[in-house]
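Here the structure comes first, spelled out in C-alpha coordinates, and everything after it is commentary.
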Amino acid sequence: MLGETLDYWMLKVLAHRRNIATEEELNSRASEATAQTFEAAMPKMRKLMRRFGGHLRVDSAKRYLDMGCGAGELTLALARMGAGHITGVDFMPRSIDTARMHAARMGLANASFECCDLHTWKPQHKYDVLLSFDVFEHIEAPRQFLARMKELIAPGGVAVMSFGPLFHSPFGDHMWGFFRLQVPWRGVLFSEQAMLRLRRECFRPTDTAQRLREIAGGLNQMRYSEFLEHLRAAGWQCDYLAVNAIELPVVRPLSNTLARVPVLQDFIAHNVYCVLRPM
(Lines give C-alpha, C1' and ligand atoms only; values in the text may rest on other atoms or scores of the structure.)
Protein backbone atom coordinates (compact mmCIF):
# COMPACT_ATOMS: atom_id res chain seq x y z
CA MET A 1 0.00 0.00 0.00
CA LEU A 2 2.56 2.57 1.18
CA GLY A 3 5.76 0.58 0.78
CA GLU A 4 7.37 -2.14 2.85
CA THR A 5 8.41 -0.07 5.88
CA LEU A 6 5.19 1.91 6.32
CA ASP A 7 3.07 -1.16 5.66
CA TYR A 8 5.02 -3.06 8.30
CA TRP A 9 4.40 -0.45 10.98
CA MET A 10 0.73 -0.10 10.07
CA LEU A 11 0.22 -3.86 10.36
CA LYS A 12 2.38 -4.30 13.46
CA VAL A 13 -0.18 -2.39 15.53
CA LEU A 14 -2.73 -5.08 14.63
CA ALA A 15 -0.48 -8.09 15.24
CA HIS A 16 -0.09 -10.39 18.26
CA ARG A 17 2.31 -13.22 19.22
CA ARG A 18 -0.10 -15.62 20.95
CA ASN A 19 0.34 -18.32 18.30
CA ILE A 20 4.08 -18.04 17.75
CA ALA A 21 5.80 -21.42 17.27
CA THR A 22 8.97 -22.87 15.77
CA GLU A 23 8.94 -25.85 13.40
CA GLU A 24 10.29 -28.00 16.25
CA GLU A 25 7.36 -26.98 18.46
CA LEU A 26 4.89 -27.71 15.63
CA ASN A 27 6.39 -31.17 15.20
CA SER A 28 5.92 -31.83 18.91
CA ARG A 29 2.32 -30.63 18.88
CA ALA A 30 1.42 -32.84 15.91
CA SER A 31 2.13 -35.96 17.95
CA GLU A 32 -0.25 -34.70 20.65
CA ALA A 33 -3.35 -34.72 18.40
CA THR A 34 -6.17 -36.25 20.42
CA ALA A 35 -8.87 -38.77 19.59
CA GLN A 36 -11.38 -35.91 19.94
CA THR A 37 -9.70 -34.11 17.04
CA PHE A 38 -10.39 -37.09 14.79
CA GLU A 39 -13.95 -37.52 16.10
CA ALA A 40 -14.64 -33.90 15.11
CA ALA A 41 -13.72 -34.79 11.52
CA MET A 42 -16.90 -36.85 11.09
CA PRO A 43 -19.35 -33.90 11.22
CA LYS A 44 -16.90 -31.87 9.12
CA MET A 45 -16.94 -34.57 6.43
CA ARG A 46 -20.74 -34.68 6.46
CA LYS A 47 -20.76 -30.89 6.02
CA LEU A 48 -18.37 -31.24 3.07
CA MET A 49 -20.66 -33.80 1.49
CA ARG A 50 -23.58 -31.37 1.72
CA ARG A 51 -21.53 -28.68 0.03
CA PHE A 52 -20.77 -31.03 -2.85
CA GLY A 53 -24.49 -31.44 -3.43
CA GLY A 54 -24.45 -35.22 -3.32
CA HIS A 55 -21.50 -35.56 -5.72
CA LEU A 56 -19.16 -36.88 -2.99
CA ARG A 57 -20.28 -40.40 -2.11
CA VAL A 58 -18.72 -43.23 -0.15
CA ASP A 59 -18.42 -46.46 -2.13
CA SER A 60 -17.04 -49.69 -0.69
CA ALA A 61 -15.98 -50.83 -4.17
CA LYS A 62 -13.85 -47.78 -5.00
CA ARG A 63 -10.27 -46.75 -4.39
CA TYR A 64 -9.73 -43.20 -3.09
CA LEU A 65 -6.62 -41.00 -3.03
CA ASP A 66 -6.53 -38.06 -0.61
CA MET A 67 -3.95 -35.66 -2.08
CA GLY A 68 -2.42 -33.47 0.62
CA CYS A 69 -4.15 -35.29 3.47
CA GLY A 70 -2.41 -33.43 6.31
CA ALA A 71 -2.79 -35.36 9.56
CA GLY A 72 -5.46 -37.55 7.96
CA GLU A 73 -8.58 -36.45 9.85
CA LEU A 74 -10.81 -36.39 6.75
CA THR A 75 -9.06 -39.41 5.22
CA LEU A 76 -9.90 -41.49 8.28
CA ALA A 77 -13.44 -40.09 8.41
CA LEU A 78 -14.07 -41.45 4.90
CA ALA A 79 -12.47 -44.77 5.85
CA ARG A 80 -14.81 -45.00 8.83
CA MET A 81 -17.77 -44.24 6.56
CA GLY A 82 -16.94 -47.29 4.45
CA ALA A 83 -14.65 -46.24 1.61
CA GLY A 84 -13.27 -49.34 -0.13
CA HIS A 85 -9.68 -48.23 0.40
CA ILE A 86 -8.30 -44.75 0.85
CA THR A 87 -4.67 -43.65 0.61
CA GLY A 88 -3.60 -40.36 2.14
CA VAL A 89 -0.50 -38.62 0.78
CA ASP A 90 1.33 -35.65 2.27
CA PHE A 91 4.91 -34.37 2.17
CA MET A 92 5.05 -33.37 5.86
CA PRO A 93 6.51 -36.24 7.95
CA ARG A 94 4.84 -35.03 11.16
CA SER A 95 1.43 -35.16 9.48
CA ILE A 96 1.87 -38.70 8.15
CA ASP A 97 3.23 -39.95 11.49
CA THR A 98 0.10 -38.60 13.19
CA ALA A 99 -2.22 -40.08 10.56
CA ARG A 100 -0.66 -43.53 10.82
CA MET A 101 -0.82 -43.49 14.60
CA HIS A 102 -4.55 -42.73 14.62
CA ALA A 103 -5.33 -45.18 11.80
CA ALA A 104 -3.72 -47.90 13.92
CA ARG A 105 -5.58 -46.73 17.03
CA MET A 106 -8.91 -46.94 15.18
CA GLY A 107 -8.06 -50.29 13.59
CA LEU A 108 -8.82 -49.03 10.07
CA ALA A 109 -7.34 -51.54 7.64
CA ASN A 110 -8.89 -49.71 4.66
CA ALA A 111 -6.69 -46.61 5.15
CA SER A 112 -2.98 -46.20 4.43
CA PHE A 113 -0.63 -43.23 4.27
CA GLU A 114 2.42 -42.22 2.21
CA CYS A 115 4.90 -39.45 2.96
CA CYS A 116 6.05 -38.25 -0.46
CA ASP A 117 5.87 -35.61 -3.18
CA LEU A 118 2.77 -36.23 -5.30
CA HIS A 119 4.52 -34.80 -8.35
CA THR A 120 7.02 -37.67 -8.42
CA TRP A 121 5.25 -40.44 -6.47
CA LYS A 122 4.73 -43.69 -8.39
CA PRO A 123 1.69 -45.52 -7.00
CA GLN A 124 1.07 -49.18 -7.72
CA HIS A 125 -2.36 -48.49 -9.24
CA LYS A 126 -4.72 -45.70 -10.30
CA TYR A 127 -7.62 -44.35 -8.26
CA ASP A 128 -11.35 -44.10 -8.85
CA VAL A 129 -11.73 -40.92 -6.80
CA LEU A 130 -9.07 -38.27 -6.30
CA LEU A 131 -9.70 -36.06 -3.27
CA SER A 132 -8.21 -32.68 -2.46
CA PHE A 133 -9.43 -30.65 0.52
CA ASP A 134 -7.96 -27.23 1.41
CA VAL A 135 -4.81 -27.89 -0.59
CA PHE A 136 -5.03 -26.47 -4.09
CA GLU A 137 -4.31 -22.84 -3.11
CA HIS A 138 -0.95 -24.10 -1.78
CA ILE A 139 0.22 -25.98 -4.90
CA GLU A 140 3.21 -24.23 -6.48
CA ALA A 141 2.31 -25.00 -10.11
CA PRO A 142 -1.46 -25.69 -10.20
CA ARG A 143 -1.75 -26.23 -13.96
CA GLN A 144 1.03 -28.81 -13.97
CA PHE A 145 -0.53 -30.48 -10.94
CA LEU A 146 -3.88 -30.78 -12.72
CA ALA A 147 -2.04 -32.52 -15.56
CA ARG A 148 -0.35 -34.82 -13.04
CA MET A 149 -3.74 -35.74 -11.56
CA LYS A 150 -4.76 -37.23 -14.90
CA GLU A 151 -1.92 -39.74 -14.51
CA LEU A 152 -3.33 -40.89 -11.16
CA ILE A 153 -6.99 -41.31 -12.07
CA ALA A 154 -8.54 -44.59 -13.21
CA PRO A 155 -10.78 -44.77 -16.31
CA GLY A 156 -14.20 -43.34 -15.45
CA GLY A 157 -12.83 -41.73 -12.29
CA VAL A 158 -13.47 -38.24 -10.90
CA ALA A 159 -11.56 -35.66 -8.90
CA VAL A 160 -13.38 -34.07 -5.95
CA MET A 161 -11.80 -30.81 -4.78
CA SER A 162 -12.50 -28.02 -2.33
CA PHE A 163 -10.09 -25.21 -1.60
CA GLY A 164 -9.82 -21.68 -0.32
CA PRO A 165 -9.63 -18.98 0.67
CA LEU A 166 -8.18 -17.86 -2.65
CA PHE A 167 -5.48 -15.23 -2.25
CA HIS A 168 -7.35 -12.26 -3.74
CA SER A 169 -10.51 -12.90 -1.72
CA PRO A 170 -11.10 -10.91 1.51
CA PHE A 171 -9.06 -13.21 3.79
CA GLY A 172 -6.94 -15.08 1.28
CA ASP A 173 -3.52 -14.41 2.79
CA HIS A 174 -3.97 -17.28 5.33
CA MET A 175 -2.37 -15.08 8.01
CA TRP A 176 -5.27 -14.63 10.42
CA GLY A 177 -3.32 -16.51 13.12
CA PHE A 178 -1.36 -13.46 14.27
CA PHE A 179 -3.67 -10.48 13.76
CA ARG A 180 -6.07 -9.02 16.35
CA LEU A 181 -8.12 -7.31 13.65
CA GLN A 182 -8.76 -9.10 10.35
CA VAL A 183 -8.46 -6.45 7.63
CA PRO A 184 -10.11 -7.70 4.42
CA TRP A 185 -7.94 -8.01 1.30
CA ARG A 186 -4.88 -7.55 3.54
CA GLY A 187 -2.69 -9.74 1.30
CA VAL A 188 -3.55 -7.66 -1.76
CA LEU A 189 -3.35 -4.23 -0.12
CA PHE A 190 -0.10 -4.54 1.83
CA SER A 191 3.49 -5.32 0.85
CA GLU A 192 4.41 -9.00 0.67
CA GLN A 193 7.73 -8.31 2.40
CA ALA A 194 6.02 -6.43 5.24
CA MET A 195 3.64 -9.35 5.76
CA LEU A 196 6.46 -11.89 5.80
CA ARG A 197 8.52 -9.80 8.21
CA LEU A 198 5.61 -9.72 10.66
CA ARG A 199 4.99 -13.43 10.12
CA ARG A 200 8.58 -14.21 11.20
CA GLU A 201 8.32 -11.96 14.25
CA CYS A 202 4.86 -12.97 15.44
CA PHE A 203 4.05 -16.42 14.06
CA ARG A 204 6.78 -18.62 12.51
CA PRO A 205 10.26 -17.41 13.55
CA THR A 206 12.09 -20.36 11.98
CA ASP A 207 10.45 -19.97 8.55
CA THR A 208 12.83 -17.69 6.62
CA ALA A 209 10.74 -17.52 3.42
CA GLN A 210 11.26 -14.39 1.34
CA ARG A 211 8.13 -14.91 -0.74
CA LEU A 212 4.65 -16.18 0.06
CA ARG A 213 5.21 -19.07 -2.33
CA GLU A 214 8.15 -20.21 -0.17
CA ILE A 215 6.48 -20.38 3.25
CA ALA A 216 6.00 -23.82 4.81
CA GLY A 217 3.03 -25.25 2.95
CA GLY A 218 3.28 -22.63 0.20
CA LEU A 219 0.73 -20.09 -1.03
CA ASN A 220 0.42 -19.84 -4.80
CA GLN A 221 -1.64 -16.58 -4.91
CA MET A 222 -3.87 -18.09 -7.60
CA ARG A 223 -6.92 -16.12 -8.76
CA TYR A 224 -10.28 -17.78 -9.39
CA SER A 225 -10.14 -16.79 -13.07
CA GLU A 226 -6.71 -18.43 -13.32
CA PHE A 227 -8.09 -21.64 -11.82
CA LEU A 228 -10.76 -21.80 -14.54
CA GLU A 229 -8.05 -21.27 -17.19
CA HIS A 230 -5.92 -24.03 -15.65
CA LEU A 231 -8.85 -26.45 -15.82
CA ARG A 232 -9.40 -25.82 -19.52
CA ALA A 233 -5.70 -25.97 -20.36
CA ALA A 234 -5.17 -29.23 -18.41
CA GLY A 235 -8.19 -30.92 -20.03
CA TRP A 236 -10.71 -31.18 -17.18
CA GLN A 237 -14.45 -30.56 -17.30
CA CYS A 238 -16.72 -29.77 -14.34
CA ASP A 239 -19.51 -32.12 -13.35
CA TYR A 240 -20.18 -29.76 -10.46
CA LEU A 241 -18.89 -26.27 -9.55
CA ALA A 242 -19.92 -24.14 -6.57
CA VAL A 243 -18.26 -20.91 -5.45
CA ASN A 244 -18.58 -19.51 -1.93
CA ALA A 245 -20.46 -22.49 -0.52
CA ILE A 246 -21.23 -20.61 2.67
CA GLU A 247 -24.26 -21.86 4.59
CA LEU A 248 -25.82 -18.42 5.05
CA PRO A 249 -29.14 -17.76 3.25
CA VAL A 250 -28.41 -14.20 2.01
CA VAL A 251 -24.62 -14.19 1.77
CA ARG A 252 -24.32 -17.30 -0.40
CA PRO A 253 -26.54 -16.29 -3.34
CA LEU A 254 -25.19 -12.72 -3.34
CA SER A 255 -21.53 -13.77 -3.29
CA ASN A 256 -22.20 -16.45 -5.91
CA THR A 257 -23.70 -13.83 -8.21
CA LEU A 258 -20.77 -11.44 -7.75
CA ALA A 259 -18.30 -14.31 -8.29
CA ARG A 260 -19.61 -14.63 -11.85
CA VAL A 261 -18.80 -11.00 -12.75
CA PRO A 262 -15.47 -11.05 -14.66
CA VAL A 263 -13.83 -8.04 -12.99
CA LEU A 264 -15.11 -8.78 -9.49
CA GLN A 265 -14.85 -12.58 -9.38
CA ASP A 266 -11.19 -12.77 -8.36
CA PHE A 267 -11.83 -10.55 -5.32
CA ILE A 268 -15.09 -12.24 -4.27
CA ALA A 269 -14.45 -15.96 -4.87
CA HIS A 270 -13.49 -17.20 -1.41
CA ASN A 271 -13.79 -20.97 -1.73
CA VAL A 272 -14.39 -23.43 -4.56
CA TYR A 273 -16.10 -26.84 -4.54
CA CYS A 274 -15.87 -28.83 -7.75
CA VAL A 275 -16.09 -32.32 -9.19
CA LEU A 276 -13.87 -32.80 -12.24
CA ARG A 277 -13.72 -35.36 -14.99
CA PRO A 278 -11.01 -35.73 -17.65
CA MET A 279 -12.16 -34.56 -21.09
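The values are calculated or read from the model by the stated rules, or taken from the named source; none is laboratory data. Note that the structure is predicted; figures quoted are calculated from it, not measured. For neighbour counting, all protein chains shown are included, and Cβ atoms are generated from backbone atoms with ideal geometry for every residue, glycine included. Only protein heavy atoms, including side chains, enter the accessible area calculation; ligands, DNA and RNA are left aside. Shrake-Rupley method; radii C 1.70, N 1.55, O 1.52, S 1.80 Å.
Taking every alpha carbon pair in the stretch 206-264, what does the distance histogram look like in 5 angstrom bins from 0, in percent?
Reading upward from the zero bin: 4, 14, 16, 16, 18, 15, 11, 5, 1.
Find which of Leu189, Gln210, Met49 sits farthest along the positive direction of the dipole of the chain, computed with +1 on the beta-carbon of Lys and Arg, -1 on that of Asp and Glu, about the Cα centre.
Met49
When the dipole is taken about the Cα centre of the stretch 92-209, and only Lys, Arg (+1) and Asp, Glu (-1) are charged at their Cβ, what size is it in debye, to the nearest 20?
Its charge dipole is roughly 140 debye.
Where in the stretch 116-221 are there GluC sites (Glu not before Pro) that are in a DSSP coil and have at most 12 other Cβ atoms within 10 angstrom of their Cβ?
Here the GluC sites (Glu not before Pro) that fit, given the DSSP loop and packing criteria, are Glu140.
Would you work out the relative contact order for the chain, in percent, from Cα pairs under 8 angstrom that are 6 or more residues apart?
Here the relative contact order equals 22 percent.
Which pairs in the list Lys47/Lys150; Lys62/Lys150; Lys12/Lys44 are over 23 Å apart, alpha-carbon to alpha-carbon?
Checking Cα-Cα distances, Lys47/Lys150; Lys12/Lys44 exceed 23 Å.
Using the Cα centre of the stretch 217-266 as the reference point, and only Cβ charges (+1 on K/R, -1 on D/E), how large is the resulting charge dipole? Debye, rounded to the nearest 20.
Computed about the Cα centre, the dipole is about 80 debye.
Dividing the Cα convex hull volume of the stretch 67-143 by residue count, how many Å³ per residue is that?
96
Leaving out ligands, DNA and RNA, and with a 1.4 Å probe, what % of the accessible surface on the chain is carbon or sulfur?
56
Highest mean first, how do 183-189, 12-18 rank when packing is the count of other Cβ atoms within 10 Å averaged over residues?
183-189, 12-18
Among 216-224, 40-48, how do they line up from the highest to the lowest mean number of other beta-carbon atoms within 10 Å?
Final packing ranking: 216-224, 40-48.
Over 16 Å, how big is the tail of the calculated P(r) for the stretch 31-77, in percent of all Cα pairs?
Roughly 47 percent, once rounded to a whole number.
If we count every other residue with Cβ under 12 angstrom of Phe133's Cβ, Lys/Arg +1 and Asp/Glu -1, where does the sum land?
Net of charged neighbours comes to -2.
For q = 0.09, 0.11 Å⁻¹, what log10 I(q)/I(0) does the stretch 1-156 give under the Debye formula with an equal point scatterer on each alpha carbon and no solvent?
Results for the stretch 1-156 at q = 0.09, 0.11 Å⁻¹ read -0.37, -0.53.
Rounded to two decimals, what ratio of Rg to Rh does the stretch 1-83 give with C-alpha atoms and a Kirkwood Rh?
Radius of gyration relative to Kirkwood radius: 1.19.
About the Cα centre of the chain, how large is the charge dipole given +1 on each Lys and Arg Cβ and -1 on each Asp and Glu Cβ? Please answer in debye to the nearest 20.
The calculation lands at about 580 debye.
Taking a cut-off of 33 Å, what percent of all Cα-Cα pairs in the chain are separated by more than that?
Summing the P(r) tail past 33 Å for the chain gives 24 percent.
Would you please put 98-107, 77-86 in order of how densely packed they are, using the mean number of other Cβ atoms within 10 angstrom per residue and starting with the highest?
By packing density, highest mean first, the sequence is 77-86, 98-107.
Considering only the other residues whose Cβ falls under 13 Å of the Cβ of Leu56, what net charge follows from Lys and Arg at +1 and Asp and Glu at -1?
+3
What is the P(r) of the stretch 173-230, as percent of Cα-Cα pairs per 10 Å bin from 0?
Per 10 Å bin, starting at 0, the Cα pair percentages come out as 21, 53, 22, 4.
Would you kindly calculate the mean projected area, averaged across all directions, of the convex hull enclosing the Cα atoms of the stretch 82-222, in square nanometres?
10.3
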